[in-house]
Amino acid sequence: MPHKWLIFLSLGVTTVIIFVLFIFHLLPIRAPLADKIVALENSGNGLPTATFINPALGSLQAPVKILVFSDFLCSACQQLAASLATVHQTYPTQVQIVWKNLPNQSLHPLASPAAVAAHCADQQNQFWPYHDLLFARQNQLSQDQFMVMAQELGLDLDSFARCVDQQDPLPVIERDLAEAQALGLTATPTLFINQRSYAGALSTASLISYVENALRP
């Protein structure tokens with residue numbers, strides 16, 4: 001397939017670059033563990049920011065914003081993604097979900113290449129469908145699959161391959177990693193619901209409860 005060897009080469013380079021940047025190690029949170037709730041108002045670490053470069057799902061004017069630091073190869077992140085999908089369906093105008101990259105390269109060698117591929121899909125307004133495919137096929141992911149999924153979504157394959165080859169999304173991923181380090185994050189997934197942070201694979205019921213609390217005046 002045209003560009004295939006370029007994709008493999010650039011994904012390898014991307015992995016090395018992000019591995020060097022990812023100097024702190026993240027500990028995965030397993031689903032059976034209780035939700036870890038951290039109030040950030042007095043933590044001193046501040047809050048994450050969301051800009052137009054971060055993929056977002058839902059209304060920009062939504063009163064509740066959920067910023068998710070996640071890894072496409074993390075099993076707890078996969079579970080959280082399913083819960084977040086239900087939240088989006090339940091509160092389509094009241095909740096905005098924002099994606100932030102936190103690939104744990106030390107545990108998941110394909111995490112960083114997956115993030116690059118997802119953001120290349122985002123350049124064609126297909127981040128969330130690609131996001132869903134990555135999590136749906138988490139156990140079968142390979143470098144071949146990145147192009148296969150792009151083809152299934154009807155993406156312009158030349159543009160997609162060029163984006164991956166030139167590593168266009170790297171600045172976005174590097175920025176998210178730097179922000180996570182500044183915030184002192186130590187687990188994937190970690191999400192922020194307005195002023196509070198939560199770590200782990202929160203259940204749908206827990207998420208809905210936290211959203212309802214955030215919606216109260």
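Brief remarks follow.
- Computed P(r) (all Cα pairs; the stretch 88-217; 10 Å bins; percent): 11, 37, 34, 16, 2
- Temperature 37 °C, viscosity 0.692 mPa s: under these conditions the Stokes-Einstein estimate for the stretch 43-126, based on its Kirkwood radius over C-alpha pairs, is 237 µm² per second.
- Ordering of 158-164, 210-216 by packing [mean C-beta count within 10 Å, highest first]: 158-164, 210-216
- Highest mean packing first, where packing is the average number of other Cβ atoms within 10 Å per residue, the peptides 90-101, 114-125 line up as 114-125, 90-101.
- Sorting 79-85, 54-60 by their mean Cβ neighbour count within 10 Å, with the most densely packed peptide first, gives 79-85, 54-60.
Each value in this text was obtained by applying a stated rule to the coordinates, not by laboratory testing. Note that the structure is predicted; figures quoted are calculated from it, not measured. Cβ coordinates were reconstructed from backbone atoms using ideal geometry, including for glycine residues, and neighbour counts include every protein chain displayed.
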